[in-house]
Structure formats: C-alpha cells, structure tokens
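Structure first, commentary second.
The values are calculated or read from the model by the stated rules, or taken from the named source; none is laboratory data. Bear in mind the structure is a predicted one, so any value in this text is a computation, not a measurement. Ideal geometry is used to build each Cβ from the backbone, glycine not excepted, and the neighbour counts take in all protein chains shown.
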Amino acid sequence: MAVRRPVVRVPRVKAPRKQTEPADSTLDRLKEAIQQIQQHNVSQLSFEEHYRYAYNLVLYKKGHLLYNAVAELISAHLEKETRDKIVPTFPHSTTAIASTSGTQAGTGGAASENVAAAAAGQLFLDRLRDVWDDHIACLSKLRDVLKYLDKVWTNPSSGVPAVYDLGLSLFFHHVVLFSTNPKPAPPANSRASTSAPTPRPTTDPSTVAHHLLNTLLNVIRIEREGEVVSRSAIRSAVGILSRLTDEGPVPLPVQASQGTGSGSPVISSGAAAARQRTVMGEGPPGAKESPYKTAFEQAFLKQTEEFYARESARLLIECDCPSFLQRINRRLEEESTRAQSYLKASTEPLLMSLLDNVLIEQHLASILEHPASGLSTLIQDSRIEDLKLLYTLFGRVGKGHPALQAGVSAWIVAIGKQINEGVSLAPEPETRAEDAKGKGKAADESEGAKKKPEAGGAINAKTKAALAWVQNVLDLKDKFDTLLAKAFASDKAFEKSINDAFSVFVNENRKSPEYISLFIDDNLRKGLKGKTEAEVDEVLNKSVALFRFLTEKDAFEKYYNQHLSKRLINQRSVSDDAERSMLAKFRVEAGHQFTKSAEGMMKDVKVSEDTLEEYKRFQDRAVIKAPFDIEPIICGSNVWPFSAKDKTCTLPKVLQDGIKSFETFYNQKHSGRKLTFMPDQGSVEVKTRFKARTHELNVSTYAMVVLALFEGLGDDEKLSYVDIANSTNMLAPELKRTLQTLACAKYKVLTKHPKGRDVNETDSFSFNSAFTAPLAKIRIQTVAAKVETDAERKETESKVDEARNTQCDACIVRVMKDRKQLQHMDLVNEVIRQLSHRFQPTPQMIKKSIERLIEKEYLERDDEDRKKLKYMA
C-alpha cells in the first residue's frame, strides 16, 4: 500500500514595494506624528504605519533628513517647554550659600526666609522634573517608531548617537544649558571660536544650569539648618543630572549617508573633538561624565566644607568637648542619611571623608586639649560613653587613634609621676615632735593606744606609703582596664600604648620592684582581715600585671625571695597552695629560672619538717635531752637570701645546749655539711613571770638573749645599754631595734630610763614586773621598717649588679661558644635580646663584660678586624 507524503507549500517572498510616495511627504507625516507624540495625542496614531515610513526613508538613504528633523522637533519642543514652564519658576535668590553665621536658623526672620526659599526651590525642581518625565515618555515612543533608524543608520562610535541618546543630549543642551539671553551669532571663524575660552553655564545667572545647581545647594543648606525640605525633589534633580552626559552638542545637521545600502553618517574630527569637551563642569576630555559628577558634586563638596568649617569653629567655642562630639556625631549621621537619600553612591565616601577631615582631623588637638572638658577630664571622671564616642570618631581619621593613644599615654605618665612623687614625699617613720621630746609614760601610752598593730606586725609610715603606691597603681590599672574594655573596644594598639605608659612611670620609681614585692608579701601573710581567698587571689593576679611592667625583674626576684624567706621562717604564709600558685604565675611570666630559688626554699621547708620528725625520734632515744624543744629550718645557702657568715651574738647557755644537741643529730645524718646558726632569723617562746600573771612571750632570738640578762635581777636593778651590748655582743643597729621592741612598743616588757621612743647609748633598762596584758600568749615582733633603708638598698643594688655582671658574662660566653666569632655590635644586640626578660643591660655593661672575658682568655679580638671577637676554645 503506497503512502502519500505531505506536500509543503513554501510561500513566495515578494520584494518590497518601491517607494511611490515622495520622501518629503513621508517625512512630513513622520513630523506630524512626532508632534502628536509630544502633545500626548497618540491614541489615533499607528506605530506600524509610521515605523514603515521611517523604514522607507532609511532604506532610500534619507536617514539624515529624518535624523535632522527629529533633532529639530525635539529641540524646539524642549526650548518651548523650558521657556514656558521652567524659566518662570527661577528662584529669586541665586546665591547658593546665604549668610549662615548661626547654622540653626536662630531668628524668626532667617527661618521664614529659609521656608520661602525652600518652597521656591521645590517649585523650580518640580517643574524641571515634569519636563524631564514628559521628555523621557516621548523619547520612549520615538525610540519604538525609529527603531530601524537606530539599528541601521545611527553609529554612536562616529559621534551620531541613537535617537534616545540624542534626546538626552538635546535635553542637556536645550533645557539644562538653556539661557534666557539671545543666542549669539555664530563666529565667522569656527576654529577661532573653538579655541577661545567660554564661561561655564553655572556662572551665568541667565541659564537653567546656574539656577539648578544653586537651587540644589541652597535647598540642601536650608535642610542642614534645620528646615524640612522635599527630598524627593532633590533626588529627582540629582537623578536627571546623573542620567545626562556633560559633553558638547551632537554635530547637527547630519550630512547625507555614505557607502552602500543605507550607509552611515560621517562627521569631521573637529566636530568630534568639540563634542568630547565638558561644558557644564570640570572634567577630563572624553570621559563622558555626568553633570552631576563634573559640576554638582564638586560644588556640593565645596559648600559642605565651608559650611562645616564655620560650624565646627563656632561649636568649639560654644560647647564643651562631650557636647561637641555629640554634635559632630549627629552631623555625620545626618550627612550619611542625606547621601543615601538623594545623592549618588559614589558621593557618600567623598562626603564622609571630607567631613572627617573638616569636623575631626582639623580639630584633633583642640578636642584633646580642651581646657575644661578635654581628654584629661574625660579620663579623670571615667566618662565611658564620652570616651567611647571619642574613640569612635577619632577612628574615622588616620591620625585620630595615634593622637588619642598619645594623649592617653601622656595622661598616665603624668598621673604616674604624681603617684611617684607622693611616695617620695612620704614622712619618715616615728618622727612626731612629741616623741622626739619624750613626754614620758603618758605620751607612750597614748601612742600605744593610737597605733594598733597590723596583722603582719608593726608597719611604719614608709611601709604604708609603699603599699599605698602599689594600691594606687593597681587602682589606676583597674581604671584603664575598664576604659580599655568599655570605651576603647579592647583595641590592641591602645592596650600596648597603655601598658607602655605604665611601664614608663613604674620603672621611673627605682623602688618599684621592692614595693611590688612588699605588696605581695602583705597579701600572702596570715591573719589578713576583711579579705577572702578569692579577693586575695584577684589582688595577686593584678600584682603580676604590675610585675610585667618591670624592666628590672632580677631586682624584684631579689626582694621577693627575701620576703618569701621571712614568711616561710616565721610561718606567716597564708597557705602553701597560695605560695605555689604565685610562683606558678611568675614561672609563666619570667620562666623557670626566675622561680628556681623560691621553689628551693619551699622544698627546704618541707625537708626540714621531715628532719624535725626524725630529730624528735632521736630525742626520744637520747640519754641527755635537749633543754628545750627546737624546730629548726635547714636553709640551703645556694637558694636562701642569707649571708653565710656567722652573726655576732653571745647566746645563753640554754640555747647553746639545744643547738649542740641538734648539731650532734644532724652531723650523724649528714657528714660533710656545716650548720650555721642564724640568731637574727629565729624566734623563741619564753614563759615570763610578772607580778600579775605569767605570760608566754613569742619574741625574736635577739629579744630572748636580752631578756635572759634580766633573769634573777630585782625590780629596781638596771642594766645600761653598754652593759647589754657587752654581754650580748650584738651589732648596734640590731641591739637598738631589739631594745626598742621590748621597751618602746605596745608591749613594754622592759622599762626604759629615761622615757622616750628612741634608744640611746646613755639609756638604761629594767625589767617591768608590773606588766600585764589581757592575753596569756603575746607575740612581740621586732620594730623594723619593711622598706629598706638607703644603706640596705645600696647593698641590695650592689648584689644585684654583681649578679647581673655574672649573667652578662655567662650570656656572652654562651653566644660566642655557639657563633665562634661575631662583630662587636652584633654581640651587644644579641646579649641585650637574651637578657631583656630579666633586666635591661646597657652597652657599657656588656663592653666591660667583654673586656673581662678577654682578660680571662675566653675571647680574643681578630688581628685584622679589631671589631670582630673570637671565642677561644
């Protein structure tokens, strides 16, 4: 069965009909249609028919006639609309920046003028927008009708833009650049005319461009002064300027097409160059920027700078610093909102950068150094919100934060200097006038009633001043820790500048290592009242923060070991856990070597406890018992900060017998070791019988030695100072301190003759059998200043310097042993780097160490290069 295939009939393509109607008639019909579109009478028009008319004109090389006709009709219509609708609404005032000495429309007359000017400006801008909207609507319809003309004939690259772009260019030249003055006759020499400079339309009061630019600036100024304006009108005008292109006019009329087919228009190079130049504003030729960019934006930024320069200068005089900051912060927020509301996105960063410079950067010093409410006042009063705003605003400019950091650092150093001066001016201990005169028993008793002993013992004025110095520094540190977290956003750069400032004034006080160690000692002692363990731990953590500021950490180590040794020997530590926790903190901060001696002391105390248990068992087995119970602490001379030499003191026989008993036990256990008794470090519990009752006195070994001299003497019998000195062989400072403790402090076990608080070599002493106290057990601590005297400090500094020289020598040897040879300056820098965690060695110290090592033949200088050092194996 045959299958019939379907037959597909292809229609014949007919050639287009030749144009039978004359071109002039077709062009007239198109002109009539364009005029109807401009008059909004499009309901009866056939777009298909008129599209065909345009198609035929282009097809038969009449495109130039159509293009020129369209340009003429649009130009005439735009000029008529401008003359009829826009020109009558020109604002009377053409001055963009009125008198604004008071930016906030301070008087009713100024406010009414601003309201009237804003209304006139809005009317002008609304009319311009109406003409623009009507023009854009017409262009959209024309673009549809003349689509074939755009597709085939126009060539934007040759300077003949498409119909829609032509309409935008004509709007720019016949509306924005429209002038009410008669147009000048074209010059005979076109070349001369192109070279002659022409004034900008924005400077000609007869042009729409002049009124448009100044109206926009004036309305924005009025809004800045506090009046309400139409932001939509400003936004529409800004949008119009942004849609246009600031360039010369399209070269009209366009000549006949060239080439085959419909051809393409060709314009001269001179006309193309004239089109590329900017007309309304300043800009690079050929950039095709909008009038918004070339004219309005520049004028807007200039007006903004002048406006806020005047306002900021006025506010600095009228307002205090916080109010000024709040005002400029509000202005910045307003301008940011303004830019987002009706300005182009590219303007906002330029505007904010300008405002940052005018409102902030130019007034950095004035803000910080404000006499009544500058940075010093804000910090002093801890005004966190104001400082936070200051930090935020200064962060907007490059020089802001460095200037603020410098101001904060300078304030800290200045306050730290005052704190240091307060300590240096602290009164000397026990220098009251009545004490110097010696008012007898009544004065002594009244003084004893007023001065209550602290938990850690008697603390004199210098010690109190030292503790107060540390507390003041900690309070200042707490203050800036709070400011850093809440006002400065925990900024690392600010944290470093604050720490550097603290380090400056802390190290300016040469006694700061001793003071910090003394403060820690005061908080680690037993019997602290009013502080929990958590509070003590918090204070100690803050003390470690102060320790970080020290550059002479080795000096601090010296003082800390001295204070720790006294706490351990006198069993006054708050707890072993607290001591170990503190050492762990120091180990983290300064390394294991820093805590080596302190850990050794604590280990010796633990070993001494085990040794004591063995000694007790030894006593149980001994035939001859010791005359008293002894609890010795065996201190290794390599870790404890005590001198190994014997202390000059003649001990009572009972003490000598007890010491010999323990030495016998210890020598049996350890051969080759030498024990040295330290009477200045020990304490003794002595039962003393008075008339009223018997008291158990806890006194130093020196005090027990002195009291033993009064055993068996009558109440009226006296011992002179010279007799006591000859009997005990104690050093004069130790003897005077001991006698002052027993006769002049709160518990007067001895009676001094004559009465007074100072011990002289002419004084004599007797046993106070009438002494009484409410407690059976009494602890009498030696009267002594915890803060070192000048002589003691010199001795400590001498020991520290000696240790530093040793460390410097060892460091040089380590470096040279590793490098074998090194330039002198390289060696100095490396030694400074390695030792800076303990102290800051000077180049002179290193140079002396190098010379010592050369003399000892550890190093030698290179024969050819004397600045090069070699290690001698």
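Suppose we filter 325, 354, 332 for residues that are assigned to a helix (DSSP H, G or I) and over 21 Å from residue 218 (Cα atoms); which single one remains?
Values: 354 fails: over 21 Å from residue 218 (Cα atoms); 332 fails: over 21 Å from residue 218 (Cα atoms).
Within the list 325, 354, 332, the selection yields 325.
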Original post:
When you go through 671, 700, 661 one by one, which is the residue that is in contact with a strand residue (DSSP E or B) (Cβ under 7 Å, 6 or more places away or on another chain) and either at pLDDT 85 or above or over 22 Å from residue 779 (Cβ atoms) (or both)?
Top reply: 700
**OP:** Identify all residues within the range 659-674 that are under 21 Å from residue 568 (Cβ atoms) and either surrounded by 14 or more Cβ atoms within 10 Å (Cβ to Cβ) or in contact (Cβ under 8 Å) with a residue 12 or more places away in the chain (or both); write none if there are none.
**Re:** 659, 662, 666
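Select, from 705, 722, the only residue that is touching a residue at least 12 places away in the same chain (Cβ under 8 Å) and crowded, with 17+ Cβ neighbours inside 10 Å.
Numbers: 722 fails: crowded, with 17+ Cβ neighbours inside 10 Å.
Matching residue, one of 705, 722: 705.
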Original post:
Are there any pairs with C-beta distances below 6 angstrom linking a residue in the range 193-217 that is surrounded by fewer than 18 Cβ atoms within 10 Å (Cβ to Cβ) to a residue that is modelled with pLDDT under 95 and outside any helix (DSSP H, G or I), with the two at least 6 apart or on different chains, and if so which?
Top reply: 193/187; 205/94; 206/179; 206/180; 206/181
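Per-residue answers, yes or no, for (1) buried (at least 18 other Cβ atoms within 10 Å of the Cβ); (2) within 30 Å of the chain's Cα centre (by Cα):
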residue: 500; (1), (2): no, yes
residue: 515; (1), (2): yes, yes
residue: 531; (1), (2): no, no
residue: 541; (1), (2): no, yes
residue: 562; (1), (2): yes, no
residue: 568; (1), (2): yes, no
residue: 571; (1), (2): no, no
residue: 580; (1), (2): no, no
Subject >> Unmet requirement for residue 302, which otherwise passes all of (1) in a helix (DSSP H, G or I); (2) over 19 Å from residue 216 (Cα atoms); (3) out of contact with any Leu (no Cβ under 8 Å at 6 or more places or on another chain) >> reply: (2)
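Name the residue, out of 789, 806, that is closer than 21 Å to residue 594 by Cβ, β-branched (Val, Ile, Thr) and exposed (fewer than 15 other Cβ atoms within 10 Å of the Cβ). Walk me through how you get there before you give the answer.
Working: 789 fails: closer than 21 Å to residue 594 by Cβ.
One residue alone meets the criteria, 806.
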Subject >> Any chance residue 89 is polar (S, T, N, Q), surrounded by 10 or more Cβ atoms within 10 Å (Cβ to Cβ) and modelled with pLDDT of 90 or more >> reply: yes
Original post:
For the range 662-678, does any single residue satisfy the condition of being assigned to a helix (DSSP H, G or I) and touching a Pro at 6+ places or on another chain (Cβ under 8 Å)?
Top reply: yes
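Could you say which residue among 860, 851 is outside any helix (DSSP H, G or I) and either surrounded by 12 or more Cβ atoms within 10 Å (Cβ to Cβ) or not assigned by TED's automatic domain parsing to the domain that holds residue 706 (or both)? It would help to see each step written out before you state the result.
Working: 851 fails: outside any helix (DSSP H, G or I).
Answer to the check: 860.
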Original post:
If you scan the range 28-80, which residues turn out to be closer than 29 Å to residue 183 by Cα and among the charged types (D, E, K, R)?
Top reply: 28, 31, 32, 72, 79, 80
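Among the residues of the range 332-340, are any among the polar types (S, T, N, Q), under 30 Å from residue 231 (Cβ atoms) and in contact with a Leu (Cβ under 9 Å, 6 or more places away or on another chain)? Before the answer, list the steps.
So in the range 332-340, the residues among the polar types (S, T, N, Q) come out as 336-337, 340.
Then drop every residue that is not under 30 Å from residue 231 (Cβ atoms), which leaves 336-337, 340.
Narrowing the set further to residues that are in contact with a Leu (Cβ under 9 Å, 6 or more places away or on another chain) leaves 336.
Yes, the range 332-340 contains a residue that is among the polar types (S, T, N, Q), under 30 Å from residue 231 (Cβ atoms) and in contact with a Leu (Cβ under 9 Å, 6 or more places away or on another chain).
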Original post:
Can you tell me which residue in the range 373-405 is farthest from the chain's Cα centre (by Cα), limited to those that are more than 18 Å from residue 478 (Cα to Cα) and in a loop (DSSP other than H, G, I, E, B)?
Top reply: 373
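Where residues in the range 836-848 are part of a loop (DSSP other than H, G, I, E, B) and of a type outside the set (Gly, Ala, Ser), which of them is modelled with the lowest pLDDT? I'd like the intermediate steps shown before the answer.
To start, the set of residues in the range 836-848 that are part of a loop (DSSP other than H, G, I, E, B) comprises 836-842.
Applying the additional criterion that residues be of a type outside the set (Gly, Ala, Ser) yields 837-842.
Working: 837: 75, 838: 78, 839: 81, 840: 82, 841: 85, 842: 85.
In this case the residue turns out to be 837.
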Subject >> Candidates 69, 111, 116 - the one that is under 30 Å from residue 33 (Cα atoms), among the small types (Gly, Ala, Ser), part of a helix (DSSP H, G or I) and at pLDDT below 95 >> reply: 69
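Can you tell me which residue in the range 734-751 is surrounded by the fewest Cβ atoms within 10 Å (Cβ to Cβ), limited to those that are part of a helix (DSSP H, G or I) and touching a strand residue (DSSP E or B) at 6+ places or on another chain (Cβ under 6 Å)? Write out each step before concluding.
Residues of the range 734-751 that are part of a helix (DSSP H, G or I), as a first pass: 734-743.
Right, trim to touching a strand residue (DSSP E or B) at 6+ places or on another chain (Cβ under 6 Å) and you get 742-743.
Values: 742: 28, 743: 24.
Among residues in the range 734-751 that are part of a helix (DSSP H, G or I) and touching a strand residue (DSSP E or B) at 6+ places or on another chain (Cβ under 6 Å), the one surrounded by the fewest Cβ atoms within 10 Å (Cβ to Cβ) is 743.
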**OP:** Tell me which of these residue 761 doesn't satisfy, since it passes every other one: (1) surrounded by fewer than 14 Cβ atoms within 10 Å (Cβ to Cβ); (2) part of a helix (DSSP H, G or I); (3) in contact with a helix residue (DSSP H, G or I) (Cβ under 6 Å, 6 or more places away or on another chain).
**Re:** (2)
Original post:
Quick check: is even one residue across the range 756-776 within 26 Å of residue 523 (Cα to Cα) and acidic (Asp, Glu)?
Top reply: no
